[in-house]
C-alpha cells in the first residue's frame, strides 16, 4: 500500500533522507506547497536521473517471496489480500512509469521537450502523492461495504433469534402446562397407590383370620407348637389384636377382635396342653424307673434332674409365649391380673405338682431317717442343722431346675415352701415341745447367722437371680422366736415376778461379807479406785455390762471371780440379766424392747419387795434395805446399757368405770338431770381416769434409784440434824449452842455407821464416796435451814448476830463454819482421784443419776 511512496522517495533523495529517520514521525509536506530550496529543480538531479533509471531497471524484477501469516480472522484475510493486490498494482505501475519515463527521456531533444516532460513528471508526482489517500479511501469504502454487510447479517440474525425466542417461549409455556399435567397425574398415581397400600395393609389384618382359623382348628394342630411358624403366628395375632384395638371405628373391628381373642386363647391353650403333656411324660418315665429299681441317691438325682433338664429349653421358649402375654400393662390398676395369667398359673401349678410328687416323698423319707438317727433324735439343734442343710440342698437344686423351665420367680418360692413342708412338719413340733431356753437360743442363733441376711443398710443386696433361702427358713425362725419369747415370759413369771426368796438369800449384810471373803481368797481384786495401794477388800464389779452365762467358771473371761460377783446378786436380778443376755438380738427389736421393759419392770418390783424383806429382817434397819436396793438397782442400770433398750411409749387408756357406776347410781335414785348431781360428776373427781400401764423401763429404774438414794441421804441427814429440826426448835427453852454440840456427837457416830454400812453393801469406792457426799450436802442444807430460822428469830427479838466465824459460846455456828466442821467429820475423798480412768460417776452428789 505504501509502495508508491517508496517510489516517490526514490526519485527525491532529500525526502528519502527524511523518510529514513525512524525516531521522529513528521507529517509529509504537501506537493502543492511552494518548493523550498531543497525542493527546487536541480540540473544536477536531472543529470543523475539516468543513473536512477538504471537503478530502476535493475530493480524491475519479481518481488521477493515472503511467507505470509495465516489468516486468523476475516480482517486478517482482508489485510493480506489487500497487501498482495496493492503490491502487484504498484509493481505494474512502476514498470509502466519506468517504461514511459525511459521512452520520454529518450524523446527529449530540447528544453521545451524537457519542460513538457518535467510538467508531466510533476503531474505524475502530484498524482502519486495522492495514492495513499486514494488507497485509504478505497479501503474505507471496502470496510464500509463489509460493515454494511455485517450489519445486514446481524439484523437478519437478530430477527432470526427473535423468532427463535418467541418459539422457545411458546415451547416453554407448553412444556410448563405439560409438566403441571404430568405432576397432577403423578400425584394422583401416588394417592391411588397409597390408597391401594392402605387397603392392602388394612385388609391383611382381616384376611389373616380365615387361614389361622383353619390352621388352629385342623386335626393335630398341637403338633406344630414347637415350630417357628407357631411363634410367628402368635406375633401376627398380637398385631391383629393391636390393630383392632387401635381402630375401633372400623365397621367389623369388634367382631374380628373377639374372634382373634378366641384364636389367641386357643393358641395359648394348645401351648398349655403341649407343656403339660410333655411334663407328664417325663414325670411318668422317671417315676417308672424309680419304682422299678432300688436306686441310690446319686442315681435318683440323675433321674430327677438330668432327665428334666433334657428338652427344658424348648419348653421354656414355648411357655415364654404365654408369659409375655400375661404381663400387666403399665397403666393397670393395683391388684389386677393379666389376661392370660391363669394359663401361666396352670403351668406353674402343673410343674409344682409334678415335681412335688417326685421330690417331697424322698425328702420326707430322708428327714425321717435324720429324725431317727441317734445323734439327732433328741437334740433339737443337731436335728435342725442336719435337716435344714439337706432341705437347703434340695431347694437349691429345685431353684436351678425351675430357672431352666421358666423365666422369673413367680410362684417359685410357693413351690419351694411346699418342698420345705416335711422340714416344718418335723421341726415345728420339736420347737413347740422344747423347754430349754438355751436350746431355743442356740437354734435362733444358728438360723440367724447361717441363713438370714443382715438387715442393715450397709449390707449388700441379694442379686436378682440368686437363691434366697432366708425366705423359706424364716417360718422356722419365727416359730423358734415365738417359742423363745413364750419361754422367756414363763421364766419371767415363774422366777422373777412370782419368786419367793429363801431365808439365806435375804441374809444381808452377812451374805455380802461371805461373798467378799470368798472373792478375796480366790483372787486378788482389781484396783478400781485409781489410788496406789488401795486396801479395798471387796470383790469389784465390772465397769462394762456383761452377758451372764450360766455355768461361768470362777476364773471367767472378766478377769475376776465371776461366781463370787454373781452370787452377790439377788436371784431375780441374776435371772433378769441372764434372760436379757440370752434373748438379745435373737428376736425382733420391737418384741425385745417390750419384753425387756417387762423384765426390768418386774425385776425392779422384785428388788423393792426384797428390800422390804431385808428391812424387816431382825437386826436390820431401813438403811440395810435401802443399801440393798441401791446396790442392785445400780447393777441393773449398769447391765441394761448393753442391750440398747429403746424407749417404749407407755400404754395409756381411759377408765370409765367410775363414770358409768355414778350414772347408774343417779339413774336408780332418779336424780340424773339434777344440776347439782351433774356438777358433782364434773367437779367431784368422777371424770374418766387416765390409766398408764407401764413406764419406760429406764425412766422407771432411774426414778426408783433416785427415790431410794434420796430416802437414804434424808434419813441419815435427818438423824444427824435432829437436834436442830423444826420439832426441836419449837420446844420451849431450846438452846442452840447445846444443840450444835449434840450434832457434833451424833454426826461422828452416824458417819462412822454410814461408812460401815456402805462398806458392807457396796464395792465401788466412787459410789460410796458419792453417797457420803450426798449425806454431807443434805446435812449442810438442813443446818442452813435451821440457821436461817434461828437468825430471823434473833433479829426479831432485837439481838445482834456475830459475823462470820465461830462466834460467841452462846450462839450457834454460822453455815460456813459448820460446813468446814462437817467436811472434817465426813472426810469425803476427792472425786478427781476416783475418775482417773475417764469414766463418769454413776451418781451425782445430790443423789441424782
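The values are calculated or read from the model by the stated rules, or taken from the named source; none is laboratory data. Quick caveat, the model's predicted, so the values are computed rather than measured. Cβ coordinates were reconstructed from backbone atoms using ideal geometry, including for glycine residues, and neighbour counts include every protein chain displayed.
Each residue in segment 609-630 was checked for being farther than 18 Å from residue 700 by Cβ and crowded, with 23+ Cβ neighbours inside 10 Å, and 4 pass.
Where in segment 374-459 are the helices (runs of 4 or more DSSP H), entirely inside, with at least 1 residues that are more than 30 Å from residue 346 (Cα to Cα), touching a residue at least 60 places away in the same chain (Cβ under 8 Å) and assigned by TED's automatic domain parsing to the domain that holds residue 361? Spell out how you get there, then give the answer.
On the way: elements: 380-405, 412-419, 421-433, 437-450.
Passing ranges, in order: 380-405, 437-450.
Residue-level check: of (1) within 30 Å of residue 488 (Cβ to Cβ); (2) surrounded by fewer than 19 Cβ atoms within 10 Å (Cβ to Cβ), residue 400 misses just (1).
Quick grid of which residues meet (1) in contact (Cβ under 8 Å) with a residue 40 or more places away in the chain; (2) surrounded by 12 or more Cβ atoms within 10 Å (Cβ to Cβ); (3) in contact with a helix residue (DSSP H, G or I) (Cβ under 8 Å, 6 or more places away or on another chain):
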residue	(1), (2), (3)
127	no, yes, no
137	no, no, no
152	no, no, no
156	no, no, no
169	no, no, no
191	no, no, no
213	yes, yes, yes
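Of all the listed residues (524, 511, 493), the sole one being assigned to a loop (DSSP other than H, G, I, E, B) and either closer than 27 Å to residue 762 by Cα or at pLDDT 80 or above (or both) is 524.
The number of residues in segment 96-119 being in contact with a helix residue (DSSP H, G or I) (Cβ under 7 Å, 6 or more places away or on another chain) and at pLDDT 70 or above comes to 4.
Within segment 757-765, does at least one residue satisfy the condition of being out of contact with any helix residue (DSSP H, G or I) (no Cβ under 7 Å at 6 or more places or on another chain) and part of a loop (DSSP other than H, G, I, E, B)? Among the residues of segment 757-765, at least one is out of contact with any helix residue (DSSP H, G or I) (no Cβ under 7 Å at 6 or more places or on another chain) and part of a loop (DSSP other than H, G, I, E, B), which makes the answer yes. Just to be sure before I move on: is residue 772 part of a helix (DSSP H, G or I) and closer than 18 Å to residue 634 by Cβ in the structure I sent? Spelling it out, residue 772 is indeed part of a helix (DSSP H, G or I) and closer than 18 Å to residue 634 by Cβ.
Could you list all residues from segment 219-240 that are modelled with pLDDT of 85 or more and not in a helix (DSSP H, G or I)? None; the set is empty. Please verify whether segment 323-343 includes one or more residues that are at pLDDT 90 or above and more than 26 Å from residue 400 (Cα to Cα). The answer is no, given that none of the residues of segment 323-343 is at pLDDT 90 or above and more than 26 Å from residue 400 (Cα to Cα). Residues in segment 723-737 that are exposed (fewer than 12 other Cβ atoms within 10 Å of the Cβ) and under 25 Å from residue 826 (Cα atoms): 726 only.
Within segment 181-188, does at least one residue satisfy the condition of being at negative phi and not in a helix (DSSP H, G or I)?
At the first step, the residues of segment 181-188 found to be at negative phi are 181-188.
Remaining after also requiring not in a helix (DSSP H, G or I): none.
No, segment 181-188 has no match at all.
Looking across segment 216-246, not a single residue is free of Cβ contacts under 8 Å to residues at least 12 places away in the same chain, more than 40 Å from the chain's Cα centre (by Cα) and over 25 Å from residue 278 (Cβ atoms). In the condition set (1) part of a helix (DSSP H, G or I); (2) crowded, with 18+ Cβ neighbours inside 10 Å; (3) in the same structural domain as residue 430 (by TED's automatic domain parsing), residue 346 is compliant with all but (2).
Hey, does segment 708-717 have a residue that's free of Cβ contacts under 8 Å to residues at least 40 places away in the same chain and either more than 60 Å from the chain's Cα centre (by Cα) or assigned to a helix (DSSP H, G or I) (or both)? Looking through segment 708-717, none of the residues is free of Cβ contacts under 8 Å to residues at least 40 places away in the same chain and either more than 60 Å from the chain's Cα centre (by Cα) or assigned to a helix (DSSP H, G or I) (or both). Assessment of segment 195-207 against the conditions (within 22 Å of residue 318 (Cα to Cα), in contact with a helix residue (DSSP H, G or I) (Cβ under 7 Å, 6 or more places away or on another chain) and part of a helix (DSSP H, G or I)) yields no matching residue.
Consider residue 315 carefully, then state whether it is outside the structural domain of residue 341 (by TED's automatic domain parsing) and under 19 Å from residue 400 (Cβ atoms).
Details: outside the structural domain of residue 341 (by TED's automatic domain parsing): yes; under 19 Å from residue 400 (Cβ atoms): yes.
In short, yes.
Going through (1) more than 25 Å from residue 264 (Cα to Cα); (2) within 35 Å of the chain's Cα centre (by Cα) one by one, residue 337 falls short only on (1).
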